[in-house]
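To keep things clear, I will list the structure first and then write my remarks on it.
The values are calculated or read from the model by the stated rules, or taken from the named source; none is laboratory data. Since this is a predicted model, take the numbers as computed values, not measurements. Note: ideal-geometry Cβ built from the backbone for every residue, glycine included; neighbour counts use all protein chains shown.
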Amino acid sequence: MSSDIDKDLDRLIEEIVEKREPSLTTRQLGRSVGAPPRKLQDITRVSTGIPELDKALEGGVPKGSWVAITGEPGTGKSIMCMHFAYAGLKVGDPVIYITTEAEFRDVVRQAKQFGMDFEEYPIYNLGGKEPDETPRIVVIDIFGLLKMARQLSLDNSESDVARRRRYAALEIPTLVAAIHEAYQVLGVVDEGRKSPRTHVRLVVDSMSAFWADKPAMARRYSYELKIATHRENVTAYLVSQYAMTTKSLDSTTPVPIVCKERIVFTEIGELYNKLGELMKLCGRNGVLMTYSVDISNGRVVLGRIRGVIRHSAPKILYRVVTVDDREVIVTSDHSIYSVRKGRLIPVTADTLRRGSKLLAFDRDSGSSRVKEVEVAYVEPVEPTTEYVYDISVEFHENFLAGKGMLLAHNSTFGFGLEHIADGVFHLWMEDVEKAKEVRRYFIIKKMRMTNHTRKAFRLEIVDGRGIVLEEL
């Protein structure tokens, strides 16, 4: 069997280097045959509030699931959260609604445009005066998180070390404490227990605020939150905002990939096209990896590739050339690492000038560290294809790319959350400059414990109704 895998890997490496299209066999596709049918009748369903989506999920989200809602701004993520929360209120589920992007009164105002009146139910803002009656919705906004952070910082019941630290509003411990406080206010937990006795709907819009200044920590923070708050009686929608600056490298950019101790350079566009098959082959005796850098010490390490992201290419890219003839072609807003005041920091390509210091790696030098190289010039160029690409790499979210292996930074938000979530609902829109109008789309990327449609939907936002999905 091992020799067969090696032959498959040899063939695939040859194909991605020579850019030929492979033919996939049934075995390579990993098709399962004869698997026992799932007992769908044992799964309790939670309505999303969108009829077409409930149908696509064979009745709704499995109870207790954590669902990541991902996409760029303006695609409809917050409205999807409104549907979920309002559907819960209508069937008697209490709701915890955390909003870091807007005040809840703005959420209420917008929801009314779509026929959802949250003010029909008792609302309590965490950190406000004691409610006169048990609320159905507990709202936690940035001000409530700030009050919770102050309370944690002053809590004398904690250890001296804990008392000395100052909690910040946008920290996971603050968020966890706020959620547990909301359980108490809703009256859904018994004394001495953390798990709600009744079903609760949790909305966090958005999680990206908690790792905005350190996106490489997204996965760790997501794990911390899930370990502390995930319960069978809590179904959650967690929004992950993909940054508009999450663009990347020209499709012809060479990148190194490492599989089963083999190293080969391929164009990043070809890596995107063959990623699934490569991961299957490498996953049997290893994982697909690339060169990454531990910024704390400048050492080059191997990092696991979690995904390759494709975006529509802008009209102009920038070719960055160093004095020793290294080069990389990137979008203006993509980050590559520079050395400033002795620190290694990601900077956007449009800020580079002659003499700027970049970081590069010489694999044959015998050193395991990156070195400084100087920019000779930066020039605008047209993209090679209609797409640009980026790589998400475990832990450090950076990778070496281009002629001469320059260090690029992946600014993608959300990959940590997607990997720990039970389900991923992804929303996107076509490039408005090309389409000349707003065209929104939706797809269920994964959903554990249930079958779901694999087809994408056209997403419309309609007055009086909210989100309407039409299967493509």
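See the values below:
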{"item": "Tally, over region 116-150, of residues that are closer than 17 Å to GLY92 by Cβ, among the charged types (D, E, K, R) and assigned to a loop (DSSP other than H, G, I, E, B)", "result": "3"}
{"item": "Count of residues meeting criterion [more than 16 Å from HIS311 (Cβ to Cβ) and of a type outside the set (D, E, K, R)] in region 432-442", "result": "2"}
{"item": "Top-ranked residue in region 217-243 [being of a type in the set (A, V, I, L, M) and within 13 Å of the chain's Cα centre (by Cα); ranked as modelled with the lowest pLDDT]", "result": "ALA243"}
{"item": "Residue in region 401-423 that is within 19 Å of ARG310 (Cα to Cα), surrounded by fewer than 17 Cβ atoms within 10 Å (Cβ to Cβ) and within 23 Å of the chain's Cα centre (by Cα) present", "result": "no"}
{"item": "Residues located in region 328-349, provided they are among the charged types (D, E, K, R) and either outside the structural domain of GLU379 (by TED's automatic domain parsing) or surrounded by 15 or more Cβ atoms within 10 Å (Cβ to Cβ) (or both)", "result": "ASP333"}
{"item": "Qualifying residue in region 25-41 (condition: at pLDDT 95 or above, outside the structural domain of LYS280 (by TED's automatic domain parsing), surrounded by 14 or more Cβ atoms within 10 Å (Cβ to Cβ) and within 25 Å of LYS455 (Cβ to Cβ))", "result": "no"}
{"item": "Lone qualifier among ASP93, ASP117 - being among the charged types (D, E, K, R), out of contact with any strand residue (DSSP E or B) (no Cβ under 9 Å at 6 or more places or on another chain) and modelled with pLDDT of 95 or more", "result": "ASP117"}
{"item": "Filtered residues of region 58-86 (kept if surrounded by fewer than 22 Cβ atoms within 10 Å (Cβ to Cβ) and touching a His at 6+ places or on another chain (Cβ under 9 Å))", "result": "GLU58, LYS63, GLY64"}
{"item": "Strands (runs of 3 or more DSSP E) (entirely within region 311-415) containing at least 3 residues that are under 24 Å from TRP428 (Cα atoms) and touching a residue at least 24 places away in the same chain (Cβ under 8 Å)", "result": "387-393"}
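Yes/no matrix, rows are residues, columns are (1) under 22 Å from LEU317 (Cα atoms); (2) outside the structural domain of ARG219 (by TED's automatic domain parsing):
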| site | (1), (2) |
| --- | --- |
| PRO383 | yes, yes |
| VAL393 | no, yes |
| GLU397 | yes, yes |
| LEU400 | yes, yes |
| VAL424 | no, no |
| MET429 | yes, no |
| LYS455 | no, no |
| ARG458 | no, no |
